[in-house]
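Accompanying notes for the structure given below.
The values are calculated or read from the model by the stated rules, or taken from the named source; none is laboratory data. No experiment lies behind these values; they were computed from the predicted model shown. All accessible areas refer to the heavy atoms of the entire protein, side chains included, with ligands and DNA or RNA removed. Shrake-Rupley method; radii C 1.70, N 1.55, O 1.52, S 1.80 Å.
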Amino acid sequence: MAATRAGISARVKMIFIEILGVKAADLADTAAIVDDLGTDPLKISQLSMLIEEEFGIFIAEESMEQLVTVGDVIDFVWGSKRLYGQ
């Protein structure tokens, strides 16, 4: 069964909640990972590792640096899953 964007969004946001301890209400797609959520480099690394593990994808460090908002991460995962037909 193919993943939906809404399903991916919910799973990505649960990872953000788990790692950052933020509220779901703070996780709008437009929320900036560093500026709005106060994420430090260690937390970004943890987010990346958990997202890779959860979705079976690879996020290069250069790619993670370009993912500025929560929505950017969701779009990246969605695009990766669609690219590989998952």
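Give the angle, between 0 and 90 degrees and rounded to the nearest 10, that separates the Cα long axis of helix 5-20 from the longest principal axis of the Cα atoms of the chain. Around 30 degrees separate the two axes. Please build a GNM for the chain, connecting alpha carbons under 10 Å apart, and tell me which residue among GLU61, GLU52, GLU18 fluctuates the most. Of GLU61, GLU52, GLU18, the most mobile in the Gaussian network model is GLU61.
Per residue of the chain, what 222 nm ellipticity follows from adding -39500 (n - 2.57) for every DSSP H run with n ≥ 4, rounded to the nearest 500?
After summing the helix terms and dividing by the residues of the chain, the value is -18500 deg cm²/dmol.
For ILE33, the amide hydrogen comes within under 5 Å of the amide hydrogens of THR69, VAL70, counting only partners 5 or more places away or on other chains and with H modelled in the peptide plane.
Against the chain, whose longest principal axis is taken from its Cα atoms, helix 41-55 shows a tilt of about 20°. If the chain linking SER45 and ASP29 were pulled fully straight, counting 0.36 nm for each residue of separation and taking away their Cα-Cα distance, it would gain 3.8 nm.
Estimated at the nearest 10 Å², the accessible area of SER63 is 40 Å² with a 1.4 Å probe.
Tilt of helix 70-83 relative to the longest C-alpha principal axis of the chain, in degrees (0 to 90, nearest 10)? The two axes meet at around 20 degrees.
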